[in-house]
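The values are calculated or read from the model by the stated rules, or taken from the named source; none is laboratory data. Values in this document were obtained by computation on a predicted structure and should not be read as measured data. Neighbour counts run over all protein chains shown; Cβ positions are idealised from the backbone, glycine included. SASA here: full protein model, heavy atoms, side chains in, ligands and nucleic acids out. Shrake-Rupley method; radii C 1.70, N 1.55, O 1.52, S 1.80 Å.
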Amino acid sequence: MKNFEFVNPVKIYFGKDQISKLAGELIPYQKIMLVYGKGSIKTNGVYKQIKTALHDKDIIEFQGVEPNPVYETLMKAVEVARREKVDFLLAAGGGSVIDGTKFIAAAIKYEVGDPWNIVVKNEKISNAVKFGTVLTLPATGSEMNSGAVITRKSCNEKLAFGSPLLFPVFSILDPETMYSLPDSQIANGIVDAFIHVTEQYLTFNMNAAVQDAWAVSLLKVLKTEGPKVLKNRNDYDSNANLMWAACMALNGLLTAGVFTDWSTHMIGHEITALFGIDHAKTLAIVLPGVLTVMQDDKKEKLIHYANNVWEIYGEDEDQLISEVIDKTEDFFKSLGIGVRLSDYNIPETAIDIICNKLEEKNYIKLGEKRNINPEIVKQILALRK
Ligand code: NZQ
Ligand code: ZN
């Protein structure tokens, strides 16, 4: 295991009626900006619960953060927040609203120059407005991590950034908020969380027994509880298990002490930027290709995954690996997620464009061993036509 430092300061309120806890959390703040998406919080009762909890607070609202949050929109929120001297941001929604709020929090304090530099130049964030979240879609783990992904429309770029100053102060996870999610978003959430775990686990053996055991447990929970949620949308316990598993999948615990892959995400982000496909769906396309092409490097972990998560065994290692990759792909399909570029009408010609985009950004050494170059990305995507 590698040396590591670990800190996660996010206070979690988990369970029914926890949105009422906002009142206590926001006592120190004078001017709050509630940031949300297109309006689902208005129809599922979350908005009302927030307003009730904060009835005596001075709140302004910023509505309209879109899925795959867009810099151009977020800068409008930055302008309002600066003008109104907002001292706390409250994000209510899924990963996009939370990521967007992270950008707004940093950008408000980035007063000289274009805040896009935070994203494109990875400039160190030295100050940010404090923020909390009310999560309504379990998927990204953004509610308990300090990273975010933002898209700039004018240049079609989708880029990740982060800072220790971008951990939420608190996050409220009420599984009942999930009841209004469309099935497709539940399926997206299962797949995104599943692949967050594989990005950190399906690498090479680092004798990190705790992290490996956590990864196995989370994958098993996602694989059993996820479909239960889709079958019985209002089953509180399976919603709760999915929500907590997705949160734990990307809060730093699995990453501590190990090398991580993230190539599926890097390739996936290009597909979203170019074709607007949901984040999780791009991952479902790419992951089986990464596991197939990189199977020699990942052999030991793939066998561990086959034995421990899928409980399949066999003497012939190549056969076992091929079987477990098929099982993974079938699992995504069983959730109603397409796993091929053609499922989304993405033409074969897109493969070169995706590789060129990665190369332009110098993303030419991906994966846990930094050996996935654009030529290998081409091989990966060629398997996913
Ligand atoms: O706009 P609203 O009205 O909020 O509707 C949203 C949106 O249309 C809707 N929704 C959310 N909660 C709902 C609901 N509809 C009904 N009932 C509810 N309770 O769902 C739609 C999708 O929401 P979005 O926030 O875009 O989904 P998700 O949570 O999957 O977030 C995806 C974004 O997160 C980034 C992705 O790249 C993508 O931009 N990621 C962030 C990460 C991080 N910060 O750590 C890691 C991830 O790998 C990922 O890259
Ligand atoms: Zn993801």
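Please give the charge dipole size of the chain, origin at the Cα centre, charges +1 on K and R Cβ atoms and -1 on D and E Cβ atoms. Round to the nearest 20 debye.
Charge dipole of the chain: 1160 debye, to the nearest 20.
Could you tell me how far the Cα centroid of the stretch 256-270 sits from the Cα centroid of the stretch 80-104, in Å?
After rounding, the separation between the Cα centres reads 26 Å.
At a temperature of 4 °C and a viscosity of 1.567 mPa s, determine how fast the stretch 323-363 diffuses translationally according to Stokes-Einstein, using the Kirkwood radius over alpha-carbon pairs as Rh; express D in µm²/s, rounded to the nearest whole number.
Once the numbers are plugged in, D ends up at 107 µm²/s.
Go through V169, T151, L137 and say which Cα lies farthest out towards the positive end of the charge dipole of the stretch 116-185; charges sit on Cβ, +1 for Lys and Arg, -1 for Asp and Glu.
Of the options given, the answer is T151.
Normalized C-alpha radius of gyration of the stretch 7-89, against 2.2 N^0.38 Å?
1.16
Taking the Cβ of L165 as the centre, find all other residues whose Cβ is under 14 Å away and add up their charges (Lys, Arg: +1; Asp, Glu: -1).
+3
For the charge dipole of the chain, defined by +1 on Lys and Arg C-beta atoms and -1 on Asp and Glu C-beta atoms about the Cα centroid, which residue among A105, N307, F204 has the Cα displaced farthest towards the positive pole?
A105
Pairs K16/K38; K31/K231; K21/K228; K42/K385: which are spaced more than 32 Å apart, C-alpha to C-alpha?
Correct reply: K31/K231; K42/K385.
Per residue, what accessible area does the chain have, given a 1.4 Å probe and all protein chains present, in Å²?
41
With no solvent and one point on each alpha carbon, what is the Debye value of log10 I(q)/I(0) for the stretch 183-382 at q = 0.14 Å⁻¹?
With no solvent term, the Cα-only Debye profile gives -0.79.
What does the helix-only formula give at 222 nm for the chain: each DSSP H stretch with n ≥ 4 adding -39500 (n - 2.57), the total divided by the residues, and the result rounded to the nearest 500 deg cm²/dmol?
So the calculated ellipticity at 222 nm is -15000 deg cm²/dmol.
Which net charge results when you count Lys and Arg as +1 and Asp and Glu as -1 among the other residues whose beta-carbon is under 15 Å from that of V86?
+3
I want to check the label-to-label distance for F204 and E348. Put each point 7 Å from Cα in the C-beta direction and report it in nm to one decimal.
Each label point is offset 7 Å from its Cα along the Cβ direction, giving 3.4 nm.
Helix 263-275 versus the longest principal axis of the chain: what angle, 0 to 90°, nearest 10, using Cα atoms?
60
May I ask for the angle, rounded to the nearest 10°, between helix 279-293 and the longest principal axis of the chain, with both axes built from Cα atoms and the value confined to 0 to 90°?
30
What's the extension gain from N127 to Y236 if we count 0.36 nm per residue and subtract their Cα-Cα distance?
Stretched out fully, the N127 to Y236 stretch lengthens by 35.4 nm.
Based on the Cβ-Cβ distance from N308 to R340, what FRET efficiency comes out when R0 is 30 Å, to the nearest 0.05?
In this case the efficiency is close to 0.60.
With a 1.4 Å probe and all protein chains left in place, how much of the accessible area of the stretch 183-382 comes from carbon and sulfur atoms, in whole percent?
Of all accessible area on the stretch 183-382, carbon and sulfur atoms account for 48 percent.
Dividing the Cα radius of gyration by the Kirkwood radius, what Rg/Rh value follows for the stretch 56-188?
On the Cα set of the stretch 56-188, Rg over Rh gives 0.95.
To test your reading of the geometry: what angle, between 0 and 90 degrees and rounded to tens, separates the Cα axis of helix 71-83 from the longest principal axis of the chain?
The angle comes out at about 30 degrees.
Give the long-range amide H neighbours of E123: residues separated by 5 or more places, or on another chain, with amide H under 5 Å away, using H modelled in the peptide plane at 1.01 Å from N.
Result for E123 returns I118.
Report, ordered by chain and residue number, the aspartates and glutamates lying within cross-link reach of K333, taken as a straight Cα distance under 14 Å and ignoring same-chain residues fewer than 8 apart.
Straight-line reach from K333, under 14 Å: D183, D192, D343.
Using a probe of 1.4 angstrom, how much of the accessible area of the stretch 11-177 is carbon and sulfur, in percent?
Carbon with sulfur: 51 percent of the solvent-accessible area.
Could you tell me the center-to-center distance, by alpha carbons, between the stretch 105-141 and the stretch 338-384 in angstrom?
What the calculation gives is 28 Å, centre to centre.
Step through the residues of the stretch 369-378 one at a time and calculate ³J(HN,Hα) from phi using the Karplus curve (6.51 cos²θ - 1.76 cosθ + 1.60, θ = phi - 60°), rounding each to whole Hz and writing x for Gly and Pro.
In residue order, the calculated couplings are 10, 6, 10, 9, 9, x, 5, 6, 4, 4 Hz.
Given all pairs of different Cα atoms, what value in angstroms does the Kirkwood hydrodynamic radius of the chain take?
About 21.2 Å, per the Kirkwood formula over Cα pairs.
Counting alpha carbon pairs within less than 8 Å and at least 6 residues apart, what relative contact order, in whole percent, applies to the chain?
Contact order relative to length: 15 percent.
Suppose we keep just the alpha-carbon trace of the stretch 160-265; what are its Rg and Dmax in angstrom?
Cα radius of gyration and Dmax of the stretch 160-265 are 14.5, 41 Å respectively.
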